[in-house]
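Contents: one structure, followed by commentary.
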Amino acid sequence: MIKKCLFPVAGYGTRFLPATKSMPKEMLPIVNKPLVQYGVEEAIAAGMTTCAMVTGRGKRAIADHFDISFELEHQISGTGKEVYLESIREVLDRGVFTMVRQREMKGLGHAILTGEVLIGHEPFGVVLSDDLCLNEGPGVLSQMAELYRQFRCSIVAIQEVPMEDVHKYGVIAGESLKDGIYRVDEMVEKPDASVAPSNLAIIGRYILTPDIFDILRETPPGANGEVQLTDALQTQARQGCVMAYRFKGRRFDCGSVPGFVEATNFVYENHYSRS
Ligand code: UTP
């Protein structure tokens, strides 16, 4: 039912400098696959086959990745090396890729508003590719799409984090409806542990209803002078229209070096085919 997924990929990735000086953070590989491809595969598996990318300067490698490389195809066609292209060929066969550029990096909220032209007036998924989410069963976006069918409102994916880490996240407070599902009353972006309403942290998977665009247009810049998605979601939450979902699966913060290394080891041990 939800057909589109937005990928804000315009950020600077400063935590991964110097690797990200001229290469997009989203192209960093976890073993042999770029982060953004994991996100795209998760979206396509959830039925969101239109992948809308909000890119920026220096991000052309992402657009090239989701296109065929004619020379490469020609060169390895009919050889034993074709197997290495299988996963990306499947993605290209099943997905449609649309792009818009964010000219000034004014924050995640601004990036999402920039993507409005690609989404239009329909509910959509959002993937922040530097959060790698893996699950043995259905992916996180598939789980959230299922929940959307029940609630028809915006949904944020959450996980419990240690209290000393809440200052790195948006944090929710809300009424628990059933195991792992909350109706959100309040959201705070990067709170101090002493004032955080909970340790339920929002991670990089969302389903948003399209009224978010009008709200974002009216949302003034918040923390760091950036337009914060959390502030716009807070407006929806006041209308009783935001659910939080403690997803099944593991999430790795691949925008940070320790999370990236952890994900690399995990994928190598559990998912990588050495044959
Ligand atoms: P991050 O907070 O991870 O920012 O943004 P970042 O710039 O990529 O990384 P650091 O903190 O400097 O290391 C969350 C997501 O929002 C996107 C990023 O690409 C990332 O996927 N984003 C952020 C944009 O697309 N545009 C922006 O203006 C800001």
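All of the numbers you see were taken from the coordinates with simple rules; none came from a lab. Computed from a predicted structure; not experimentally measured. No Cβ is skipped: glycine too gets one built from the backbone with ideal geometry, and neighbour counts run over all protein chains shown.
Before moving on, here are some points about what is shown:
- Proximal charge balance of P221 [Cβ under 14 Å; K/R count +1, D/E count -1]: -3
- Placing one equal scatterer on every Cα of the range 51-99 and applying the Debye formula, the log10 ratio I(q)/I(0) at q = 0.16, 0.17 Å⁻¹ is -0.52, -0.58.
- The phi-based Karplus calculation (6.51 cos²θ - 1.76 cosθ + 1.60; θ = phi - 60°) puts the 3J(HN,Hα) values of the range 157-174 at 7, 10, 9, 6, 10, x, 3, 6, 9, 4, 5, 8, 10, x, 10, 10, 10, x Hz, whole numbers, x for Gly and Pro.
- Calculated FRET value between L92 and S176, using beta carbons and R₀ = 35 Å, to 0.05: 0.25
- Cross-link check: pairs K3/K190; K33/K248; K4/K81; K3/K248; K21/K81 evaluated at a Cα-Cα cut-off of 29 Å; pairs beyond the cut-off: K3/K190; K4/K81; K21/K81.
- Environment charge at R250 (Cβ cut-off 10 Å; Lys +1, Arg +1, Asp -1, Glu -1): 0
- Inter-centroid distance (Cα atoms) of the range 1-42 relative to the range 132-174, Å: 19 Å
- q = 0.08, 0.11, 0.14 Å⁻¹: log10 I(q)/I(0) that the Debye formula gives for the chain, counting C-alpha atoms only: -0.32, -0.60, -1.00
- The chain, helix-only ellipticity at 222 nm - DSSP H runs n ≥ 4, -39,500 (n - 2.57), divided by all residues, nearest 500: -9000 deg cm²/dmol
- Stretching Q239 away from M105 to a fully extended chain increases their span by 45.4 nm, per 0.36 nm per residue minus the current alpha-carbon distance.
- Estimated distance in nm for a label pair at R246 and I68, the labels positioned 7 Å out from Cα along Cα-to-Cβ: 4.7 nm
- Counting only cysteine Cβ atoms and a cutoff under 4.7 Å, the chain contains unmatched residues C5, C51, C133, C254.
- Springs join every pair of Cα atoms under 10 Å in this Gaussian network model of the chain, and among P162, P221, P29 the largest mean-square fluctuation is at P162.
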